[in-house]
Amino acid sequence: MGGAFGLIALSLAVVGLYGVVSFVVSRRTQEIGIRMALGAQRIRVLQMILRNGISLAGAGLVIGTVVALAAAPLMRTLLNGVSPRASARIEFGHQDFECNGLYAHEALVS
């Protein structure tokens, strides 16, 4: 169940990033056309567009991480007896995974 919500959240993030990048590219169509007319290589224009998208995704990742770490102490007051950084149990079919920090341990017993 949690995996399905994670997949939905990831797909919404990808669609949102696509929308923002396509909006920025549509606003810069004339600039891209002028660059191409003056002899810019396609790969350079593509790199410019991709760099913009990756920088947006990186900024969102950094801001999201900072906000999540800042909100963790506030969430502690809402959780009864559970740490906000406690291990989360995620089930994928018959396999159970324990996630604790950066380590993931697969439980082979279903």
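The values are calculated or read from the model by the stated rules, or taken from the named source; none is laboratory data. A quick note: this is a predicted structure, and the numbers were derived from the prediction, not measured. For neighbour counting, all protein chains shown are included, and Cβ atoms are generated from backbone atoms with ideal geometry for every residue, glycine included.
Sort out which residues of the range 1-36 are part of a helix (DSSP H, G or I) and more than 20 Å from Ala57 (Cβ to Cβ), and write them in order of number. Before you say what the answer is, go through the steps one by one.
First pass over the range 1-36, keeping only residues part of a helix (DSSP H, G or I): 2-27, 29-36.
Across the range 1-36, the qualifying residues are Gly2, Gly3, Ala4, Phe5, Thr29, Gln30, Glu31, Ile32, Gly33, Ile34, Arg35, Met36.
For the condition out of contact with any Pro (no Cβ under 7 Å at 6 or more places or on another chain) and closer than 20 Å to Val14 by Cα, what is the one hit in Gly33, Gly39, Gly64?
Answer to the check: Gly64.
Given the conditions (1) more than 20 Å from the chain's Cα centre (by Cα); (2) in a helix (DSSP H, G or I), report the number of the one that Gly39 does not fulfil.
(2) is the only condition that Gly39 fails.
Regarding the range 10-25, can at least one residue be identified that is loosely packed, with under 11 Cβ neighbours inside 10 Å and of a type in the set (Phe, Trp, Tyr)?
yes
Run Arg35 past the list (1) touching a residue at least 24 places away in the same chain (Cβ under 8 Å); (2) surrounded by 13 or more Cβ atoms within 10 Å (Cβ to Cβ) and report the number of the one that doesn't hold.
Only one criterion is unmet by Arg35, namely (1).
Pairs, please: C-beta under 8 Å, at least 6 apart or cross-chain, first residue outside any loop (DSSP other than H, G, I, E, B) and in the range 66-92, second at pLDDT 60 or above and surrounded by 11 or more Cβ atoms within 10 Å (Cβ to Cβ)?
Final answer for the pair search is Ala88/Gly2; Ile90/Gly2; Ile90/Gly3; Glu91/Gly2; Glu91/Gly3; Phe92/Gly3.
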